[in-house]
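Working notes, structure below.
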Amino acid sequence: MQLHFSPSMRSITISSSNNNGFIDLMKIKVAARHISYRTLFHTILILAFLLPFVFILTALVTLEGVNKCSSFDCLGRRLGPRLLGRVDDSGRLVRDFYKILNEVKAGEIPPDLKLPDSFEQLVSDMKNNQYDAKTFAIMLRGMMEKLQREIRESKFAELMNKHFAASSIPKGIHCLSLRLTDEYSSNANARKQLPPPELLPLLSDNSHHHFILSTDNILAASVVVTSTVQSSLKPEKIVFHVITDKKTYAGMHSWFALNPVTPAVVEIKGIHQFDWLTRENVPVLEAVENQNGIRNYYHGNHLAGANLSDTSPRKFASKLQARSPKYISLLNHLRIYLPELFPNLDKVVFLDDDVVIQRDLSPLWEIDLEGKVNGAVETCRGEDEWVMSKHLRNYFNFSHPLIARNLDPDECAWAYGMNIFDLRAWRRTNIRETYHSWLKENLKSNLTMWKLGTLPPALIAFKGLVHPIDPSWHMLGLGYQNNTNIESVKKAAVIHYNGQSKPWLQIGFEHLRPFWTKYVNYSNDFLRNCHILES
């Protein structure tokens, strides 16, 4: 950049050089007459002040590669696009596109619209067919809605498959039951008395710690008993009462006869062996098991009448869980009859078959229930909405007038699966009668009051009779979600795989399964012959 004064001092020219020579940037004419040296000095001073800025701006334009415009044009881009007539249209384009998107959102997708199968095909179609912005937006919306439908359908299909997997009996466990039943008929050792005659008095000795387990799953029962005994500081004080159904009784007896857990005592009882447990004493349960409508609800087509477009996968999963066939099993309802089934016992701990014991449970017998019947962990004190944020509203239909009149939706729920029962206090109540009457009401209302198995009627029957115990005794949810905190699992006394993902199923969560499998003896001949292998 150069500054030229004419010989007559009547003009000053500012020029810049390029590849083709000099280009005049600015030419200033000075008055021919009456110009003083003071005026000339001030003019030169102003120009000297402005020239560095012109140089810097020119350098910036050059460095940015904009070398096809005049200097003033490039300067205009920096200092005043609107002033020099060059307007940036990007803001207007964005506003126009938002307008098009809102129009497409409010409109309908043409039913005969052929959608691309991939983003690459969409780009190719745009090039070939010269789509305008609105057509592009319609195609994009159609593709996204199609993808969302496919994802929802896949999720519902996954939930159905998971429900069937959770409700079925794995081939290995079925094989184990059959082989042990055959062993019972052919092997005298498998039929030996449990417990031995000299230990029979311990079955009603209240100085011992009595556990009750009700199940038809031999492998699961073995884990519950083994983990309890191995975790106990005084295993010689443990007495297990394992209750099963008639078809599993022989196999269950064989397992514990051939695999004793000494010094603990194990008793195997079949439902058919309890004189008190007759159909005359439990007419409601007979109705639950045999009523055609009830059986269809639990065993029928779970998609029939279900409006999948009007529900979320999570709500659908909850409904499937509520339709598990185990909820109409007498073994699942059996805990409500414990005072009658064990008339000589004062205090017992009831365990579900999907728990693992990791700590000595003998302190449970030292807990003062303060006159209450049921010692249980409350499930409304945690932030986990799946497991530990449960109130009565989560289990009952409060639009039903009978429920609304008798229950508080904000009342805290509690957990089944590891419960301390004071049977002496229980016998002074009408818990069983209350349980039966509410079951009848729910049957009469066609299951519109609740639909989740045995816990809802128990929440009513034990109302006001539950003593909260420390949550560290019983950790739930290992069959619901795979983001369970591992450190919390390690610290819990009892971990509960409640939910569909049982540890003995292939759908069980891989990182939670080892807490269960560590108590399975995979070298056992019966397990090996039934191909029950450590995964």
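Values in this text are rule-based calculations from the coordinates and carry no lab data. Quick caveat: nothing in here was measured; it's all calculated off a predicted structure. Cβ coordinates were reconstructed from backbone atoms using ideal geometry, including for glycine residues, and neighbour counts include every protein chain displayed.
In plain terms, the chain from Lys105 to Ser362 could stretch by 86.1 nm, reckoned as 0.36 nm per residue minus the Cα-Cα distance. Within segment 329-478, antiparallel bridges make up roughly 75 percent of the DSSP beta bridges whose residues both belong there. Each listed q (0.07, 0.08, 0.09, 0.12 Å⁻¹) maps to a log10 I(q)/I(0) for segment 187-530, found by the Debye formula over equal Cα scatterers with no solvent: -0.29, -0.38, -0.49, -0.91. Would you give the gap between the C-alpha center of segment 370-443 and the C-alpha center of segment 135-160, rounded to a whole Å? Cα centroid of segment 370-443 versus Cα centroid of segment 135-160: 41 Å apart.
Extension gain, Gln148 to Ser118: 0.36 nm times the residue separation minus the Cα-Cα distance gives 9.4 nm. Looking at segment 187-530 alone, DSSP beta bridges between its own residues are antiparallel in about 35 percent of cases. The order of the peptides 471-477, 396-402 by mean Cβ neighbours within 10 Å, most packed first, is 471-477, 396-402. Once both labels are positioned 7 Å from their Cα atoms along Cα-to-Cβ, the gap between Asp384 and Gln230 label points is 2.3 nm.
Hey, with R₀ at 30 Å, roughly what FRET efficiency would Arg428 and Gln273 work out to, going by the Cβ-Cβ distance, to 0.05? Spell out each step's value before the answer.
Working: r = 27 Å, r/R0 = 0.90.
Here the calculated transfer efficiency is 0.65.
Computed from the Cβ-Cβ distance with R0 of 35 Å, the FRET efficiency linking Lys444 to Lys490 stands at 0.15.
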